[in-house]
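Take a look at the structure set out below.
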Amino acid sequence: MRPCIFPPQAAKAVAFGGKLELAFAGGNDLGVGMDGEDATGGWGGVVETGEWAGWRISSSDPFEMHAGPFYMKREPGGGAVCAFRAERKHMNGGEFMHGGCLMTFADYAIFAIAGSALDGGGSVTASMNCEFIDAARVGELIESRGEVVRAGGSLVFIRGQVTTGGRTLLNYSAIIKKVRRKT
């Protein structure tokens with residue numbers, strides 16, 4: 001296992017025992033696996049304080065940590081809800097949330113929604129379709145919920161929405177491809 005250091009904003013959210021690094025098993029040069037696969041089953045530690053207390057933070061994807069950070073928790077029925085707080089860095093020149101940010105967040109959410117349908121193995125986004133509905137602004141709580149439409153041997157089909165304050169920002173549908181590691 002190799003340590004991976006996150007940006008300061010992420011490290012504050014996932015500090016364990018005062019340490020700012022987390023260890024991961026397998027994967028690439030950073031010691032992480034593909035799309036959510038690491039030693040903790042794809043999701044990092046539980047945040048203990050602040051706005052995100054009780055939420056999990058994805059700890060294995062450096063790009064998602066840079067773009068977010070994004071958070072996930074399971075609802076009482078077992079479904080996933082993902083969220084993040086809109087910051088200035090998420091906005092475009094018109095002061096609305098950048099479409100690429102919304103799509104990145106939706107891509108993050110599909111893996112949380114797929115959950116156990118991924119069988120704990122590696123997986124990649126094979127296809128994603130999005131429709132932009134409304135805009136988000138700095139300070140808003142951005143959330144995503146969805147459902148697995150079908151889970152087969154190698155493909156998982158998901159659909160969902162990104163929302164804020166009861167407004168739909170983005171509809172999406174996606175296909176996740178399960179992959180086997182080459183040995």
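Annotations for the structure displayed:
- Identity of the residue in the range 153-183, part of a loop (DSSP other than H, G, I, E, B) and of a type in the set (Lys, Arg), that ends up surrounded by the most Cβ atoms within 10 Å (Cβ to Cβ): Arg181
- Options Gly100, Gly146, Gly139; residue that is part of a strand (DSSP E or B), out of contact with any Leu (no Cβ under 8 Å at 6 or more places or on another chain), modelled with pLDDT of 95 or more and of a type outside the set (Val, Ile, Thr): Gly146
- Test: residue in the range 79-88 that is at negative phi, surrounded by fewer than 17 Cβ atoms within 10 Å (Cβ to Cβ) and in a loop (DSSP other than H, G, I, E, B): yes
- Residues that are of a type outside the set (Asp, Glu), crowded, with 23+ Cβ neighbours inside 10 Å and modelled with pLDDT under 95 do occur in the range 121-136.
- Pair list, Cβ under 9 Å, 6 or more apart: the range 50-66 residue without any contact (Cβ under 8 Å) to a residue 24 or more places away in the chain, other residue of a type in the set (D, E, K, R): Gly54/Glu48; Gly54/Lys73; Arg56/Lys73; Arg56/Arg74
- Unique match (being farther than 15 Å from Tyr71 by Cα and not in a loop (DSSP other than H, G, I, E, B)) among Glu95, Glu131: Glu131
- Restricting the range 32-76 to residues that are among the small types (Gly, Ala, Ser) and at pLDDT below 70, the residue that is farthest from the chain's Cα centre (by Cα) is Ala39.
Residue by residue, here is whether (1) among the small types (Gly, Ala, Ser); (2) without any contact (Cβ under 8 Å) to a residue 40 or more places away in the chain holds:
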site	(1), (2)
Phe96	no, no
Thr104	no, no
Val124	no, no
Phe157	no, yes
Gly165	yes, yes
Leu169	no, no
Val179	no, no
Lys182	no, yes
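The values are calculated or read from the model by the stated rules, or taken from the named source; none is laboratory data. Being a predicted model, the structure only gives us computed values, none of them experimental. Backbone-built Cβ (ideal geometry, glycine too); neighbour counts: all protein chains shown.
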